[in-house]
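Presented below is the structure to which this report refers.
Quick note: the coordinates plus some simple rules give every number you see, no bench work behind them. This is a predicted model, so every value here is computed, not measured. A quick note on method: Cβ atoms are made from the backbone with ideal geometry, for glycine too, and the neighbour counts reach across all protein chains shown.
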Amino acid sequence: MDTKNLSISSENKIKEKQVFERISRCIDAKKSMVFDAGAGSGKTYSLVQSLKYIINHYGKILKKHNQKILCITYTNVAVFEIKDRLGNTGLIEVSTIHDCVWGIIEPYQKQLVEIHCDKLQHEIDTIEEALESEKWAEKYRYLSEDEKNAFLTIMNKKKEDYFKHKNDKSAPFKASLPEILNTYPKLMSNVGNFKKTVDSLFKIIKYKKVIKKIEGKESKFNKVKYDARFNNDKLESMRISHDTLLEYTEKLVEQSDLLKQIICDRYPFVLVDEYQDTDSKVINTLSVIDEFSKMIQHDFFVGYYGDVKQNIYDTGVGSDFYNIHKGLERIIKTFNRRSAKEVIFIANKIRNDDVKQKSIYENFPKGSVSFYNMNIERQEFIKAHIKKWNITKKNKLHCFELTNELVAQQSGFTTIYNFFKNSRWYKLGRNFEFLREHVLSLDVKKLGIVQKLLFRILNFKFKINQNETMVSDVVVEKATKDINILKLRELVEKFRKIKGETLKDYIENLFSKYHNEDEKYDKCLEYIIGEEIKSYSDVEDFILNQLYFFNEQEEHSDEYIQESKNAVTSFLETNMNEFNLWHDFIIDRSESDTIYHTYHGTKGREFDNVIIFMTSKFGRDNKYFSRLLKVLAVKDEVAERNTKTEEARNLLYVAVTRSIINLSILYLDDIDDAKAQVEHVFGEIKYDI
Amino acid sequence: MYLKSVLLENFRKFGDKNNIIEFVSAEDYKKDSNINIAPKTTLIIGKNNSGKTTVIDALYKLIKNISFKAIDFNFDYLKKLLNLYISENLDSEKLELPTLKFVVTIGIDNGKEDILTNIIPFMSLEDTEKSKIDIIVEWAVRDRELFIKAVKEFISKDFKTQKFDRFLELIDKTDFEISYYNSNRDKKKNFSLKKLIEITPIRANNVNSENCLSDAFSKIVDYRYSNVLDPQIASELDSQIIDINDRLTRDISMQHTNNINLSLSKMILGEKCQVLLKSNLNFQKLIKNVLKYEYVEGKNNIPEQQFGLGYTNLMMIIAEIITYMEKYPETSFNSQINLISIEEPETFMHPQMQEQFIKNINEMIASLLENNKKHVNSQIIITTHSSHILNSKIHEGNTFNNINYITCSNNYANSICLNDDIMIDFPKNNKNKDCWKREQKLKFLKKHIKYKISELFFADAVIFVEGITEYTLLQHYLDIDPRLNKYYISVILVNGAHARVYENLIYALSMPTLIITDIDIKREKIEKGEKDKKCPGQEPFYMQMCSDKLRGRKTTNSTLSYFYKNEYVENIIKGDYKKLNNLMIICQKDPIENYYSTSFEEAFILTNFKNDIVRNVLEKVKPYIYIEIISNGGVRHNSYKLQKKLSNLKSNFANELLYEILICDDKSLIPQLPKYIKDGLQFLQDRLGGN
């Protein structure tokens, strides 16, 4: 929407200024604070203003002492936005939490290894405790100490057989371990419990070995590594992932007063964007440093910017925030700069706290909010809205779907989504929760490993055909050594000529020119695809290893191997168009007038026209939204804390507050006894369009 | 790979328009059988203080990574910013901060010789086809907020008249940094122009010590010994130096050291304190002190100090180029751009030497390359205010391409890149005949420009005249005109229709220009006093042209019919003179004493028919005709006949007139210029005065 002609009354201008004055007073007094700003209130603007204020008043001193302002954001998109708004500056470090934290703690390897050792011991203790108490280990507990030792000895010998048949059906699995079946028949009565027990025992052995190696100061075991590409720890290889990094940081900071002082002296000002989505360990770490700084009387200021009601990731601290970092000054901004007053009105009602927004503008255009409850084809519903709201390619319609499947389907890449969903890795445990980020994230860094590979290939194909692409984006630096213009043109032309009906064709064609006495071509290809992949079949193997054969110790049946291979091959044989649509979705350049999003994927964004499709069921919870609707207008914030209802309320709040002017919600299940509650918030429910 | 152009924004005299300097591509000199550097030399010409050196300074600072200072900013630009810096603007995210911007455009040759490694970060896929890459360089404030804060403090104080000077101080106190961007505005770290471009400046006035030439040449000799010649030779020479040192030291020790030590030991306790005297000659010292440079002139050798400054200067330039050539790597691949800038080489040189300058340089480079396997592809940039060097470039290169003409208007430097395409338009259709015509015109322009015309590049205003009389007289009238004599006005004599060949050049140089031409009303043969066989029985006569005789008559002047797009005199004389931008075309469009004069002479005679000087000169040059006329209607009514009769003696007439005018002490007696000339001069004066 064009906001040029909007005007703000002088009264509101003064009020907004007063809000900022409260922030600046906190900054001056080094009184850590939390700035609670509902959706659309211009939170990022206030954050940038705060940063500017700090530079203005403390820039010279910071520069003199070589100190920096640290600004922690939740996404890389936010990093760019803030940097862009700030203009040139050498005084502020803007980065995501993981990028900055590792930089700070990496030098403290001695302490990190100690913490790592403790972590291993803790894992061992946890497993041992489980073996002592959990029901699945009941049979194992009945064994005497000697029996236990003998059992472990046999299992160690039979390790290979065990993993080879682990995924077999129960009967052949039992048959593969005759010694156990004969000696400990009871243990194997429940195959699932048996496997759990054996895995736990193996894990204990593995971790104990590592502890020994660390204590023996073996090389490779004197250093903890953090690799941003992986989502899981590999404690036995001294490799940690995101969560554990934050855990170690928290411990390290708690242990070491010196580190606390180093951090607060290096970054006397820390500003956290979207604090509600930040891990509680980070909040705790900052809280500890804040407290310490007061003790040693060094200046230290933490400013949290966000809104607890917009916490939609369960990794975020959410409403626990106030219990962790205590004694913060709370500043609330109740102006809204984004939406029509109709939207603000219902958003206020969905929030169940004391924040009540109102538009800062005097003349914001009229908006519309409608809640529909009917059984209608989505396309029909959309069609009606396209007409009603004059939707064009310039005035797009944005539809929010609850499930990833629907977004994938509507955006035209069902096959791709389903392949990942049905692959073994995502079916394991709670891994399905990663599907949204790994397949649908607009932040390329957050895509899954396989998805990243596919994205690199597709993005290369897209970019090589765009004239405005910079050469360095498609030709790797190594390949540019001693290159001349003729060779460069030839190289670009060579890549441009490569086509493919399917992704498989395309990759095969890429490799058909590989190792063909064109070193520069080879280097480029290696850069796109990754050096360890040397052929199309390597691509298949890579995907297989990531999604199907990821557990190195597992042996697989021929049948399973064949099935997996077929799945991967047929996935890669999917038509290129579908891959192109997925690529367009990721880089957010869809040509269509209707764009689909997941609720979660819209965080931080805003659209003129929004349709929200809602069902009772979300994920595996059949009553996710119906439960909320029943109490939608009930205001009991404290009672709702840390419940599923709170989670659903936050998600709905985030979804509705994305709209600037027009909002329609279509609830596709029976509204039942929630009618009164819903109408209290949204007004009369509509049953046809 | 070569420097194609550079854009300077807000740097010193340059603003945000007309600020591009184009350079000629550097092709391998050895490619052609005849080495000719002239078409490969970029010339930057302009008057003093127009901004020529600024271009080289900018390149030098950019390439050598030298910090810019407040005085490097365009002052008008800074004043404009300072006016914007009022409290209500300072919090805007769009507030403009002082920034110098340069766009360095690199051209790529379509061959295998250029290695692109250094330039790839700036190249888009499109650029690979266009062979042209922009590197955007910005010198900008490092910390935006800190600067704004400083400005806030700054504007709260009242500096009275010193505000601007204090603002400059503020800028000098501010931290700036240089950033490189590609055309996508992506910042490129770890790049510096140094990696890509090398510049060897040869400064004006480099004759700065008596032995500067010896120094220059000893450097070359040293370099050649250590890098070019067979190492065996240097090594042998070195062994000889060792021998000499050894002998000398022994000699000194025998003859002197012992004696000195003996004396020393008498003053202080012996044995404990001794001196050791050694010979310490090495190669560098040898070359430096041994090399004596003399000019060979005829049979005499002239010591360096006594040689003319002009030659010394030329030799210094040559010495620098030799040093440069010698250091040039012996490879046919280039990953770097090499610039040699020669600043105002005309210093101390007499005009003929300047005319020969490029030819001399050319021959020298040719002879250097002849004995060498090197492929040199340096771009030579010459800044000059010498019309002779300009001539030299145009003639040796046989083209107008790559001449950057810099003028200064309203305090801003204005760069105009000349080339053959600007000089003469391409024919609209591609007919052979029209193309040939264009070639002929270009040829004319190139040849013609040699005759003094290159001066016009350095003039304040230009007057093109047709005849010798106005050429001779006008210069004097300009000289005594108090309004015009402080300007440098070039009067150029071109024949008849040729003035219009200069049309494009006139527009390009955009200085006030006047074309003085004749109306040339067509008369029949018998009207010109000639017998015509076609009209038997009619008596020839000299027709005075009155307005009632004009109907249907055409002009024979093709310049006029070209500019007016009309041949009929009646159409030309109605209305004002023709004005096109900076150009005005004047002719005798108004009657003088009721007659339309056909030439300057006639107009001059008519305007001054009572003037004694004019009458005396007429009598002196054409005594018989004059006597005849006096008794036959007088000068006024015979002006046409007089001009016809004078046609073979115009030069004589002009010189006699000039003589009389020069010796005349009473200014009131000096003849007046015809009105159309006065009108033209008024136009020049208005334009020069800034209107």
Indicate the gyration tensor shape class of the range B:484-622 (rounded, prolate or oblate), computed on the Cα atoms with a ≥ b ≥ c the square roots of the eigenvalues: a/c under 1.5 is rounded; otherwise a/b larger than b/c is prolate and the rest oblate.
-> oblate
Quick P(r) readout (chain A; Cα-Cα; 20 Å bins; whole %) gives 15, 42, 37, 6, 0
Based on Cβ point charges of +1 for Lys and Arg and -1 for Asp and Glu, what charge dipole magnitude is obtained for the protein assembly as shown about its Cα centre, in debye rounded to the nearest 20?
-> 2340
Expressed in angstrom and ordered largest first, the alpha-carbon extents of the range B:105-239 along the principal axes are 74, 51, 27
Taking a threshold of 25 Å on the Cα-Cα distance, which of the pairs A:Lys445/A:Lys623; B:Lys4/B:Lys194; A:Lys487/A:Lys513; A:Lys427/A:Lys534 fall above it?
-> A:Lys445/A:Lys623; A:Lys427/A:Lys534
Chain B: calculated mean residue ellipticity at 222 nm from DSSP helix runs of at least 4, using -39500 (n - 2.57) = -11500 deg cm²/dmol
List every residue whose amide H lies under 5 Å from the amide H of B:Ser341, counting only residues 5 or more places away in sequence or on a different chain, with H placed 1.01 Å from N in the peptide plane.
-> B:Thr200, B:Ile202, B:Ile381
Does anyone have the angle between helix A:242-255 and the longest principal axis of chain A? Alpha-carbon axes, 0 to 90°, nearest 10?
-> 80
For the range B:123-238, size of Cβ-based charge dipole, Lys and Arg +1, Asp and Glu -1, in debye | 800
Towards the positive end of the charge dipole of the range A:446-586, with charges on Cβ (+1 Lys, Arg; -1 Asp, Glu), say which of A:Gln562, A:Thr480, A:Phe549 has the farthest Cα.
-> A:Thr480
When the Karplus curve 6.51 cos²θ - 1.76 cosθ + 1.60 is applied with θ = phi - 60°, which whole-Hz ³J(HN,Hα) does each residue of the range A:382-392 get, with x for Gly and Pro?
-> 5, 4, 4, 6, 4, 6, 5, 9, 6, 6, 9
Give the relative contact order (percent, whole number) for chain B; include only Cα pairs under 8 Å separated by 6+ residues.
-> 14
Given A:Lys358/A:Lys635; B:Lys285/B:Lys327; A:Lys383/A:Lys504; A:Lys13/A:Lys388; A:Lys366/A:Lys393; A:Lys213/A:Lys446, the pairs whose alpha carbons are separated by over 26 Å | A:Lys383/A:Lys504; A:Lys13/A:Lys388; A:Lys213/A:Lys446
Which three semi-axes in whole Å describe the equivalent ellipsoid of the range A:109-215, each the square root of 5 times a Cα gyration tensor eigenvalue, listed largest first?
-> 28, 15, 12
Calculate how large, on average over all directions, the projected area of the Cα convex hull of the range B:395-554 is; give the answer in nm² to one decimal.
-> 14.9
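Translational diffusion coefficient of the range B:343-442 at 10 °C, 1.306 mPa s, Stokes-Einstein with Kirkwood Rh over Cα pairs, in µm²/s as a whole number. Walk me through the numbers before you get to the answer.
Values: Rh = 16.2 Å.
The estimated diffusion coefficient comes to 98 µm²/s.
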The ratio Rg/Rh over the Cα atoms of the range A:372-433, Rh being the Kirkwood inverse mean 1/r radius, stands at 1.12
In Å, the Kirkwood hydrodynamic radius from C-alpha pairs for the range B:418-470 sits at 13.1
Partner chain Cβ atoms within 10 Å, averaged over the residues of A:475-484 - can you pull that number for me?
-> 5
From the residues A:Leu177, A:Ser189, A:Thr126, which one has its Cα farthest along the dipole of the range A:109-215 in the positive direction, the dipole being from +1 and -1 charges on Cβ of Lys/Arg and Asp/Glu about the Cα centre?
-> A:Leu177
What ³J(HN,Hα) values, in whole Hz, does the Karplus curve 6.51 cos²θ - 1.76 cosθ + 1.60 give for the range B:99-112 when θ = phi - 60°, with x put for Gly and Pro?
-> 9, 9, 10, 10, 10, 9, 9, 9, x, 10, 6, 7, x, 8
If you take every DSSP beta bridge whose two residues both sit in the protein assembly as shown, what share of them, in percent to the nearest 5, is antiparallel?
-> 35
How much mean residue ellipticity at 222 nm does chain A get from its helices, if each DSSP H run of length 4 or more adds -39500 (n - 2.57) and you divide by all residues, to the nearest 500 deg cm²/dmol?
-> -16000 deg cm²/dmol
Long-range amide H partners of B:Phe176 with built H, under 5 Å | B:Arg142
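Are any of the pairs B:Lys531/B:Lys574; A:Lys148/A:Lys169; A:Lys63/B:Lys13 more than 27 Å apart by Cα-Cα distance, and if so, which?
Table pairs above 27 Å Cα-Cα are B:Lys531/B:Lys574; A:Lys63/B:Lys13.
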Burial order of peptide ranges A:175-183, B:567-575 (average beta-carbon count within 10 Å, highest first) | B:567-575, A:175-183
Ordered by number, the chymotrypsin sites (Phe, Trp or Tyr not before Pro) in the range A:74-173 that occupy a DSSP loop and have at most 15 other Cβ atoms within 10 Å are A:Tyr142
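To the nearest 20 debye, what is the magnitude of the charge dipole of chain B about its Cα centre, counting +1 on the Cβ of each Lys and Arg and -1 on the Cβ of each Asp and Glu?
Charge dipole, chain B, about its Cα centre: 1320 debye, nearest 20.
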Shape of the range A:14-88 from its Cα gyration tensor (a ≥ b ≥ c, root eigenvalues): rounded if a/c is under 1.5, otherwise prolate when a/b > b/c, or oblate?
-> oblate
Which shape class applies to the range A:184-323: rounded if a/c is under 1.5, otherwise prolate when a/b exceeds b/c and oblate if not, where a ≥ b ≥ c are the square roots of the Cα gyration tensor eigenvalues?
-> oblate
Ascending count of other beta-carbon atoms within 10 Å, so fewest first, for B:Ile605, B:Ile627, B:Ile220, B:Ile463 | B:Ile627, B:Ile220, B:Ile463, B:Ile605
Please give the direction-averaged projected area of the C-alpha convex hull for the range A:446-586, in square nanometres with one decimal.
-> 9.6
Mind checking the angle between helix A:280-296 and chain A's longest principal axis? C-alpha axes, 0 to 90 degrees, to the nearest 10.
-> 70
Degrees, to the nearest 10: A:109-133 long Cα axis against longest axis of chain A = 70
Under Stokes-Einstein, with the Kirkwood radius over Cα pairs standing in for Rh, what whole-number D in µm²/s applies to the range B:495-577 at 10 °C and 1.306 mPa s?
-> 107
Jot down the per residue volume, in cubic angstrom and as a whole number, of the convex hull over the alpha-carbon atoms of chain B.
-> 313
Taking only the alpha-carbon atoms of the protein assembly as shown, what semi-axes of the equivalent ellipsoid follow from 5 times the gyration tensor eigenvalues under a square root, in whole Å, largest first?
-> 82, 47, 33
Write out the chymotrypsin sites (Phe, Trp or Tyr not before Pro) in the range A:612-689 meeting two conditions: DSSP loop, and at most 16 other Cβ atoms within 10 Å of their Cβ.
-> A:Tyr687
